[in-house]
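**Q** Take this structure, written in structure tokens, and hold onto it; I'll ask about it next.
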Number of protein chains: 2
Amino acid sequence: MARKSIQFKIHGATADVVGKTHGLTPKEWSALSREIAGIVGRLNRERDRTPYRDVPHRQGLSQLGAVLASARAKAGLFDDVVILGIGGSALGLTALKTALRTPYWNSLPREKRQGLPRVWVMDNVDPDEFATMLDLIDPKRTLVNVISKSGSTAETVSQFLLVMELLESCVGKRNLRRHVVVTTDARAGLLRPLVNEMGLESFVVPDGVGGRFSVMTPVGTFPAAMIGIDVRALLAGTRAMDKRCTAGRLDDNPAAAGAAVQIGLYRKGKTMSVMMPYAAALRDVADWYRQLWAESLGKTTAGGEQVGPTPIKALGVTDQHSQVQLYRDGPNDKVFTILSVDRFGCTLPLPQAPAGLGGADYLEGRTMKDLLKAEERATIWALAAVSKRPTTQIVLPRADAWNVGGLLYMLMVETSIAGAMLGINTYDQPGVEAGKEAARALMGVHGDISSPTAKGLPAEAASYEGLRRLIDDADV
Amino acid sequence: MARKSIQFKIHGATADVVGKTHGLTPKEWSALSREIAGIVGRLNRERDRTPYRDVPHRQGLSQLGAVLASARAKAGLFDDVVILGIGGSALGLTALKTALRTPYWNSLPREKRQGLPRVWVMDNVDPDEFATMLDLIDPKRTLVNVISKSGSTAETVSQFLLVMELLESCVGKRNLRRHVVVTTDARAGLLRPLVNEMGLESFVVPDGVGGRFSVMTPVGTFPAAMIGIDVRALLAGTRAMDKRCTAGRLDDNPAAAGAAVQIGLYRKGKTMSVMMPYAAALRDVADWYRQLWAESLGKTTAGGEQVGPTPIKALGVTDQHSQVQLYRDGPNDKVFTILSVDRFGCTLPLPQAPAGLGGADYLEGRTMKDLLKAEERATIWALAAVSKRPTTQIVLPRADAWNVGGLLYMLMVETSIAGAMLGINTYDQPGVEAGKEAARALMGVHGDISSPTAKGLPAEAASYEGLRRLIDDADV
């Protein structure tokens with residue numbers, strides 16, 4: 001029997017359920033099918049232009065042996081793994097960790113972690129938060145994995161300087177290299193010379209794979225393997241999904257169907273896309289997707305049009321008591337994606353209510369999982385059938401490595417298709433350059449800035465000194 | 001010298017900086033001033049219609065002695081406090097905990113917590129997550145605080161049943177009451193009879209104070225006191241802010257100025273409101289605000305108009321590598337609120353870069369805090385001055401109890417003013433009723449449903465059986 005795989009349900013986003021204004025009509029669906037068949041065909045022919053699609057095959061497998069061997073050799077030697085990285089270098093691992101270990105991993109006693117280390121994903125430069133983390137770990141029993149393709153990310157470099165100083169003072173310069181793994185570009189970038197100089201262990205971020213598409217490279221797989229996640233199953237699930245994502249027909253290709261709903265409805269005025277998992281395990285998948293979607297699709301087109309749906313992460317059932325009021329009675333300007341899981345690790349049967357607690361009889365004999373699934377179905381029904389809010393559902397048979405790998409990959413291909421539909425470059429991020437240069441100017445960097453306008457800066461910002469003056473004058 | 005207080009900076013949201021299309025002109029500001037002066041005057045005269053405004057005064061103080069005495073008596077007796085609550089019963093405490101303890105509180109060894117307990121805020125019904133928590137705690141050393149005004153919240157009741165069963169099996173029925181504190185309505189609701197029957201310790205959610213306005217009642221203050229948060233300072237900061245929030249002039253009243261910017265720009269097409277703290281401590285304030293704002297303002301007016309800006313939580317600097325690309329180059333449909341903190345607990349001086357690591361010289365002699373503040377200022381400048389995105393800034397002298405209390409209170413009053421401007425009922429949440437009833441139907445509840453249409457249900461849903469059929473037929 002074929003393995004049960006991820007299902008994508010779109011009925012709640014069709015005109016049939018939510019009406020013509022808010023849902024896709026059969027005619028619109030046909031037009032989208034034709035448009036997307038062309039895009040999928042092109043993506044299939046030009047796979048070398050999207051190197052992330054090679055990751056579950058050649059690229060990921062070529063480093064897999066080294067990743068697993070290193071993680072195996074280090075298992076038991078470390079109590080803590082500290083990840084220094086930001087954006088795409090942090091969000092993928094966090095998604096995997098929450099989904100495939102538990103949201104409480106770091107709080108589990110060591111024996112319930114099978115002796116595997118705690119993980120601290122440091123994706124900010126808040127001094128109080130960072131100092132607390134440094135205070136929590138025993139440097140002698142800590143492995144640091146610094147992740148930056150360019151090696152020039154100010155946040156990551158500043159963290160790295162502090163951690164290196166602490167490690168050196170605790171384990172000595174000679175032993176430093178046993179505590180550091182670097183994940184960076186194969187040849188270029190500022191970290192590679194340090195790797196060579198100090199003889200550090202390192203992994204490669206493959207050429208052309210941007211941070212937000214890098215979760216299945218050693219960026220995600222090495223730290224995942226350190227906490228016992230089944231990386232082989234992750235890549236196998238990814239490969240199986242890759243096959244589905246090459247299909248030209250929307251019915252056979254969940255990434256294509258997802259892009260059709262999302263961009264089809266964006267064109268009809270749904271400016272926001274809410275992803276709402278009904279499983280704590282998938283909570284940070286929504287956060288990872290939020291970066292993938294925003295940084296890939298929030299762009300200005302060649303024609304000067306500013307486009308891109310705004311991704312919003314939510315959480316079922318929690319946000320029924322926070323956001324659903326707005327989602328149902330506020331403006332009908334969102335498309336909803338419910339992430340569901342069929343099987344959980346346990347169900348938690350509910351006991352009889354104690355004497356004195358009325359109105360809880362209906363819970364007896366049911367399980368906490370029953371309640372979760374009833375709330376999920378009730379919310380989908382209330383959103384789509386009653387309030388006419390377009391709502392789709394992605395159903396995972398269970399939140400295991402095979403399916404989570406498939407889910408992340410499906411969302412990456414959906415993003416590629418959506419970017420092509422919007423007519424933008426899905427793989428760059430020009431909008432973050434100006435802020436980076438401005439921060440450097442405020443940190444006291446001197447000298448010329450090459451091609452400021454290409455970086456989105458005013459032409460007067462030809463030097464860091466000039467840029468600093470501009471910022472001072474702006475008075476914001 | 002007067003204590004330094006919270007500052008609210010709006011220049012980046014004015015036409016002066018972002019232009020007439022995206023910012024408020026002096027003429028618009030004058031009109032908003034007149035409109036809001038009237039609203040503030042009415043709110044001042046009718047304080048008894050918004051009972052939350054009495055909380056920092058009579059209501060909060062009347063229970064403060066009992067809250068502090070109970071927390072003091074229990075300190076040292078428990079290793080873990082488990083909070084059972086959802087929505088407003090959970091988000092306020094989580095905001096206080098992250099802001100005034102640390103994001104890593106539960107991971108600190110006991111001595112670094114001054115012997116105070118860990119806290120688990122359970123605001124979901126995911127069976128795997130809940131089972132992991134139950135497995136983590138030692139019931140003999142655990143205090144449970146169940147929080148529900150009505151006592152009928154299915155999520156909280158189901159959690160409570162499971163925890164009571166576990167406690168009873170570990171400590172015995174006789175000792176159960178030492179491990180349970182109930183926060184609920186003074187007289188009504190399903191938990192009050194249980195309190196009386198079992199002789200449980202309890203606190204009161206004051207009449208007319210909804211969950212999202214309840215953080216300064218025992219809903220927030222009792223668990224906050226259990227982890228050593230200075231609840232007196234919290235309420236004092238709240239009272240000081242209350243005084244500022246009665247001023248009729250926008251320049252003197254930060255809540256009024258906030259509402260002016262938010263709703264003034266919502267009327268000009270900014271459908272989303274992004275709150276982006278540049279301090280890990282304030283991360284969950286943004287999450288609390290997201291509920292306050294969405295559930296209060298996401299409404300259908302008496303005239304049938306669906307209104308309400310969509311609140312979005314973000315985090316600086318992390319989201320510079322995730323959302324800023326969209327924020328700057330995507331559609332100009334958002335207003336930004338940056339939360340800033342002037343003083344941190346530490347600064348973290350950055351050491352010299354090791355040989356082999358080029359391009360990091362500019363960091364030497366600076367601190368991690370310098371970098372955080374440079375990134376913050378650079379982002380505000382890039383958003384407002386370069387990309388013409390309306391951006392305001394709320395500056396806290398530091399993230400201590402006095403200021404965090406003031407901040408939360410200011411945002412509550414801002415919400416009241418915004419609701420009046422939108423012409424909706426700020427304090428109800430009719431849009432969640434239909435989903436609740438649908439979930440009950442799917443859980444097998446029998447019998448009639450009174451006034452289904454008032455609950456947003458179709459008229460056919462006159463019984464749970466009928467409602468269940470409707471849901472089955474909808475096929476979503």
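The values are calculated or read from the model by the stated rules, or taken from the named source; none is laboratory data. Predicted model only: the values in this text are computed from it and were never measured. FYI the Cβ positions are ideal-geometry reconstructions off the backbone, even for glycines, and counts take in every protein chain you see.
**Q** Filter the helices (runs of 4 or more DSSP H) completely within the range A:1-88 down to those with at least 2 residues that are touching a residue at least 24 places away in the same chain (Cβ under 8 Å) and over 23 Å from A:Pro390 (Cα atoms).
**A** Values: elements: A:15-18, A:26-45, A:60-74.
Filter on the range A:1-88 gives A:26-45, A:60-74.
**Q** Next question, about the same structure. Can you name the condition, by its number, that A:Ile263 falls short on among (1) part of a helix (DSSP H, G or I); (2) in contact with a Gly (Cβ under 7 Å, 6 or more places away or on another chain)?
**A** (2)
**Q** Within the range B:434-472, take every residue that is of a type in the set (D, E, K, R) and facing chain A (nearest Cβ under 9 Å) and give me the one that is farthest from B:Gly304 (Cα to Cα). Walk me through how you get there before you give the answer.
**A** First, the residues of the range B:434-472 that are of a type in the set (D, E, K, R): B:436-437, B:440, B:448, B:455, B:460, B:465, B:468-469, B:472.
Of the ones still in play, those that are also facing chain A (nearest Cβ under 9 Å) are B:436-437, B:440.
Details: B:Lys436: 23, B:Glu437: 23, B:Arg440: 28 Å.
Here the answer is B:Arg440.
Each row is one residue, and each column tells you yes or no for (1) free of Cβ contacts under 8 Å to residues at least 24 places away in the same chain; (2) assigned by TED's automatic domain parsing to the domain that holds A:Thr14.
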| site | (1), (2) |
| --- | --- |
| A:Val209 | no, no |
| A:Phe222 | no, no |
| A:Arg239 | no, yes |
| A:Val274 | no, yes |
| A:Glu305 | yes, yes |
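**Q** Continuing with the same structure: Which of the residues belonging to the range B:414-439 are in contact with a Lys or Arg (Cβ under 7 Å, 6 or more places away or on another chain), aliphatic (A, V, I, L, M) and assigned to a helix (DSSP H, G or I)?
**A** Scanning the range B:414-439 gives a single hit, B:Ala434.
**Q** So if I check each of A:Gln320, A:Gln325, which one is surrounded by 24 or more Cβ atoms within 10 Å (Cβ to Cβ) and free of Cβ contacts under 8 Å to residues at least 40 places away in the same chain?
**A** Values: A:Gln320 fails: free of Cβ contacts under 8 Å to residues at least 40 places away in the same chain.
The match here is A:Gln325.
Rundown of residues vs (1) surrounded by fewer than 23 Cβ atoms within 10 Å (Cβ to Cβ); (2) in contact with a Lys or Arg (Cβ under 6 Å, 6 or more places away or on another chain); (3) within 7 Å of chain A (Cβ to nearest Cβ); (4) not in a strand (DSSP E or B), yes/no style:
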| position | (1), (2), (3), (4) |
| --- | --- |
| B:Lys112 | yes, no, no, yes |
| B:Gly115 | yes, no, no, yes |
| B:Val125 | no, no, yes, yes |
| B:Thr132 | yes, no, yes, yes |
| B:Val144 | no, no, no, no |
| B:Gly151 | no, no, no, yes |
| B:Thr156 | no, no, no, yes |
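**Q** Quick test of your reading of the structure: A:Ile417 fulfils all but one of (1) closer than 30 Å to B:Arg328 by Cα; (2) within 16 Å of the chain's Cα centre (by Cα); (3) buried (at least 24 other Cβ atoms within 10 Å of the Cβ); (4) of a type in the set (Val, Ile, Thr). Name the failing condition by number.
**A** All conditions pass for A:Ile417, except number (2).
**Q** Are any of the residues in the range A:22-38 under 30 Å from A:Asn145 (Cβ atoms) and surrounded by fewer than 18 Cβ atoms within 10 Å (Cβ to Cβ)? If you could, list the steps in order and put the result at the bottom.
**A** If we filter the range A:22-38 for residues that are under 30 Å from A:Asn145 (Cβ atoms), which is where we start, we get none.
Within the range A:22-38, none of the residues are under 30 Å from A:Asn145 (Cβ atoms) and surrounded by fewer than 18 Cβ atoms within 10 Å (Cβ to Cβ).
**Q** Right, another one. Among the residues of the range B:44-89, what is the count of those that are buried (at least 16 other Cβ atoms within 10 Å of the Cβ), in contact with a helix residue (DSSP H, G or I) (Cβ under 6 Å, 6 or more places away or on another chain) and over 30 Å from A:Gly316 (Cα atoms)?
**A** 7
**Q** Output the number of residues of the range B:385-406 satisfying the condition of being of a type outside the set (Lys, Arg) and assigned to a strand (DSSP E or B). Write out each step before concluding.
**A** Of the residues in the range B:385-406, the ones of a type outside the set (Lys, Arg) are B:385-387, B:390-397, B:399-406.
The next check asks that each one be assigned to a strand (DSSP E or B); those that pass are B:391-397.
Counting residues in the range B:385-406 that are of a type outside the set (Lys, Arg) and assigned to a strand (DSSP E or B) gives 7.
**Q** I'd like the residue in the range B:340-380 that is under 30 Å from B:Leu326 (Cβ atoms) and small (Gly, Ala, Ser) and, out of all such residues, is surrounded by the fewest Cβ atoms within 10 Å (Cβ to Cβ).
**A** B:Gly359
**Q** Quick one: which residue in B:Leu167, B:Leu176, B:Leu194, B:Leu200 is in contact with a strand residue (DSSP E or B) (Cβ under 6 Å, 6 or more places away or on another chain) and within 14 Å of chain A (Cβ to nearest Cβ)? Talk me through it step by step, then tell me what you get.
**A** Details: B:Leu167 fails: in contact with a strand residue (DSSP E or B) (Cβ under 6 Å, 6 or more places away or on another chain); B:Leu176 fails: in contact with a strand residue (DSSP E or B) (Cβ under 6 Å, 6 or more places away or on another chain); B:Leu194 fails: in contact with a strand residue (DSSP E or B) (Cβ under 6 Å, 6 or more places away or on another chain).
Within the list B:Leu167, B:Leu176, B:Leu194, B:Leu200, the selection yields B:Leu200.
**Q** Any idea which residue in the range A:268-285 is nearest to the other protein chains (Cβ to nearest Cβ), counting only those that are touching a strand residue (DSSP E or B) at 6+ places or on another chain (Cβ under 8 Å) and farther than 19 Å from A:Leu383 by Cα?
**A** In this case the residue turns out to be A:Ala281.
**Q** Moving on to the next point. Restricting to the range A:266-313, count the residues that are of a type in the set (Phe, Trp, Tyr) and part of a loop (DSSP other than H, G, I, E, B). Explain how you work it out, then say what you get.
**A** Step one: of the range A:266-313, the residues of a type in the set (Phe, Trp, Tyr) are A:266, A:278, A:288-289, A:293.
Next, only the ones that are part of a loop (DSSP other than H, G, I, E, B) stay: A:278.
Within the range A:266-313, residues that are of a type in the set (Phe, Trp, Tyr) and part of a loop (DSSP other than H, G, I, E, B) number 1.
**Q** Only one of A:Gly316, A:Gly345 is in a loop (DSSP other than H, G, I, E, B), more than 7 Å from chain B (Cβ to nearest Cβ), within 24 Å of A:Val395 (Cβ to Cβ) and modelled with pLDDT of 95 or more. Can you tell me which? Steps first, answer last, please.
**A** Values: A:Gly345 fails: more than 7 Å from chain B (Cβ to nearest Cβ).
Being in a loop (DSSP other than H, G, I, E, B), more than 7 Å from chain B (Cβ to nearest Cβ), within 24 Å of A:Val395 (Cβ to Cβ) and modelled with pLDDT of 95 or more holds for just one of A:Gly316, A:Gly345, which is A:Gly316.
**Q** So, B:Tyr266, is that one within 30 Å of B:Tyr104 (Cα to Cα) and hydroxyl-bearing (Ser, Thr, Tyr) or not? Talk me through it step by step, then tell me what you get.
**A** On the way: within 30 Å of B:Tyr104 (Cα to Cα): no; hydroxyl-bearing (Ser, Thr, Tyr): yes.
Here the answer is no, as B:Tyr266 does not meet what is asked.
**Q** All but one of (1) touching a strand residue (DSSP E or B) at 6+ places or on another chain (Cβ under 6 Å); (2) within 24 Å of B:Ala99 (Cα to Cα); (3) charged (D, E, K, R) hold for B:Arg232; which doesn't?
**A** That leaves (1) as the condition not met.
**Q** A:Ser296 passes all but one of (1) under 18 Å from the mean Cα position of the chain (by Cα); (2) within 7 Å of chain B (Cβ to nearest Cβ); which number fails?
**A** (2)
**Q** Turning to a different aspect of this structure: Does B:Glu414 count as within 22 Å of B:Met272 (Cβ to Cβ) and among the acidic types (Asp, Glu)? Explain how you work it out, then say what you get.
**A** Values: within 22 Å of B:Met272 (Cβ to Cβ): yes; among the acidic types (Asp, Glu): yes.
Taking the combined requirement at face value, the residue satisfies it.
Let's see how each residue does on (1) within 18 Å of B:Pro351 (Cβ to Cβ); (2) among the polar types (S, T, N, Q):
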residue	(1), (2)
A:Ala131	yes, no
A:Val157	yes, no
A:Leu162	yes, no
A:Gly172	yes, no
A:Thr183	no, yes
A:Arg187	no, no
A:Leu191	yes, no
A:Leu194	yes, no
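**Q** For the range A:425-440, which positions are closer than 26 Å to B:Ala15 by Cα, in contact (Cβ under 8 Å) with a residue 12 or more places away in the chain and either small (Gly, Ala, Ser) or surrounded by fewer than 16 Cβ atoms within 10 Å (Cβ to Cβ) (or both)?
**A** Across the range A:425-440, the qualifying residues are A:Pro430, A:Gly431, A:Ala434, A:Ala438, A:Ala439.
**Q** Continuing with this model, one more query. In the range B:34-86, what count of residues is obtained for those that are small (Gly, Ala, Ser), under 30 Å from B:Val125 (Cα atoms) and over 20 Å from the mean Cα position of the chain (by Cα)?
**A** 4
**Q** Let me ask something else about it. What pairs come out if I take residues in the range B:388-401 that are more than 10 Å from chain A (Cβ to nearest Cβ) and under 15 Å from B:Asn253 (Cα atoms) and pair them with residues that are hydroxyl-bearing (Ser, Thr, Tyr) and buried (at least 17 other Cβ atoms within 10 Å of the Cβ) whose C-beta lies under 8 Å away, six or more apart or interchain?
**A** Here the result reads B:Ile394/B:Thr337; B:Ile394/B:Ser340; B:Val395/B:Ser340, each pair linking the range B:388-401 to a residue that is hydroxyl-bearing (Ser, Thr, Tyr) and buried (at least 17 other Cβ atoms within 10 Å of the Cβ).
**Q** Run B:Trp120 past the list (1) in a helix (DSSP H, G or I); (2) touching a residue at least 24 places away in the same chain (Cβ under 8 Å); (3) touching a helix residue (DSSP H, G or I) at 6+ places or on another chain (Cβ under 7 Å) and report the number of the one that doesn't hold.
**A** Condition (1) is where B:Trp120 drops out.
**Q** Let me ask something else. Here is a list of conditions, (1) at the interface with another protein chain (Cβ under 7 Å from one of its Cβ atoms); (2) touching a strand residue (DSSP E or B) at 6+ places or on another chain (Cβ under 8 Å), and A:Tyr362 meets all of them except one; can you say which number that is?
**A** In the conditions (1) at the interface with another protein chain (Cβ under 7 Å from one of its Cβ atoms); (2) touching a strand residue (DSSP E or B) at 6+ places or on another chain (Cβ under 8 Å), A:Tyr362 misses (2) alone.
**Q** Mind listing whichever residues of the range B:211-259 are of a type in the set (Val, Ile, Thr), under 25 Å from B:Val40 (Cβ atoms) and not in a helix (DSSP H, G or I)? Don't jump to the end; show me each part of the working.
**A** The initial filter retains those residues of the range B:211-259 that are of a type in the set (Val, Ile, Thr), namely B:215, B:217, B:219, B:221, B:227, B:229, B:231, B:238, B:246.
Then drop every residue that is not under 25 Å from B:Val40 (Cβ atoms), which leaves B:215, B:217, B:238, B:246.
Scanning the range B:211-259 gives B:Val215, B:Thr217, B:Thr246.
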